[in-house]
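Notes to accompany the following structure.
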Amino acid sequence: MLRRGKEQAEGRLVQFDADRPAVEAAKRDARRFEALYRKYVAQVYSFALYETRDHHSAQDVTSLVFLRALSGLHGFREQAQPPDSSFRVWLFQIARNTLSNERRRERRHPEAPLDLAAHFPAKQDVEQTAVSRDELVRAWQVIEELPPDRRRALVLRFVEEMSAAEIGAVLGRSEGAVRVLIHRAVRSVAQHLGHRSD
Amino acid sequence: MRGQEEEALLTDAYIDALLAAHAGAEPALAPPDLPADSLLRRTIEVLEAGLPRFHPSFLFEEALAARLRAAALGARPSSTHDPLAAELIHLPVAATGGLSVVAVDRRLLVGGAIASGVSLAGAAMLAWRRRERDRERPSLGGRRRWLA
């Protein structure tokens, strides 16, 4: 997400947002926002789907996030210290807030997804595969039960492939705290996979 | 607490290494050491391989794109010659009536598969099955984030 460029005049490395050109173009002409939308629509939708476990709710949240981002784009300011300046972090902050509002409004209860996992029986010999169906099902069972912050951090790390620093900016936590959140989440899953005790 | 922070650093470094490997890039930093716990490493591998990214349906994506274009047009002065505005009325999927006639790689579509009644975990399981099937067909190669 973030890339490094050389600031020739001062001869030092600086970080800047990879989306800066697209953001600046969209600020000049709102129609250019579509490039940012196309780039991030799947990420935002996926994050919303993991949170809501509901296809229609995820679509609603995705719509709200991008409409709010478009209307608020002129308020987005890249900060001096990445990754807080990242457009993606800003977008996911909007997503987090939107999801919080939706939850308060709807109090939607997730369905019981793991029952439905059985509808997809594996026909091949799963012992030959890198990740077995059994492991995946058991991992899902734990992920479903994780405290929201741990689950959220896990999804942002593994699905959205964000760094701990980016996740920290999205969740309003320090980078170190996010690492510990993820570590605890992974350990919870590990305990279930191996019936291991700490 | 300090020990846990160090373990958390190792866990994070291992996740970084796996993500970088699947992206075909060199990790920025080689982990100084792997997490000592083999079960922890295995769990990280399961999570890295087993949590797919889902994609909204093509119809939804295009419909929202049209809403955003309309909102963007509302936020700017109109012009007599506006090639981008013309895109607003060009929505080829609107008249098709369904995804089945959209000529795109279906593996990259979620369509309405994750509709009510089909769970997220179920969709993830389907994605897993497709990944496993694809593993047997190396010509497809690369890392695919399945869209159930």
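The values are calculated or read from the model by the stated rules, or taken from the named source; none is laboratory data. Model, not experiment: these values are computed from the prediction. Here the Cβ is made from the backbone with ideal geometry for all residues, glycine too, and neighbour counts use every protein chain on show.
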Between a first residue in the stretch B:44-55 that is within 7 Å of another protein chain (Cβ to nearest Cβ) and a second residue that is among the polar types (S, T, N, Q), which pairs have beta carbons less than 9 Å apart while being 6 or more apart in sequence or on different chains? B:44/B:11; B:46/A:132; B:53/A:43; B:53/A:46; B:54/A:46; B:55/A:46
Return a yes/no flag: does the stretch A:94-108 have any residue that is within 13 Å of chain B (Cβ to nearest Cβ), at pLDDT below 75 and under 30 Å from residue B:46 (Cβ atoms). yes
When you go through (1) at pLDDT 90 or above; (2) within 9 Å of another protein chain (Cβ to nearest Cβ); (3) in contact with a Phe, Trp or Tyr (Cβ under 9 Å, 6 or more places away or on another chain) one by one for residue A:136, which number turns out not to apply? (1)
Name every residue in the stretch A:156-197 that is of a type in the set (A, V, I, L, M, F, W, C), facing chain B (nearest Cβ under 7 Å) and assigned to a helix (DSSP H, G or I), in order of residue number. A:158, A:164, A:180, A:182, A:186, A:189, A:190, A:193
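Per-residue answers, yes or no, for (1) within 22 Å of residue B:66 (Cβ to Cβ); (2) in a strand (DSSP E or B); (3) at pLDDT 90 or above; (4) within 14 Å of chain B (Cβ to nearest Cβ):
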| site | (1), (2), (3), (4) |
| --- | --- |
| A:15 | no, yes, no, yes |
| A:24 | no, no, yes, no |
| A:32 | yes, no, yes, yes |
| A:47 | no, no, yes, yes |
| A:56 | yes, no, yes, yes |
| A:62 | yes, no, yes, yes |
| A:67 | yes, no, yes, yes |
| A:71 | yes, no, yes, yes |
| A:78 | no, no, no, no |
For the stretch A:80-93, how many residues are at pLDDT below 90 and among the β-branched types (Val, Ile, Thr)? 0
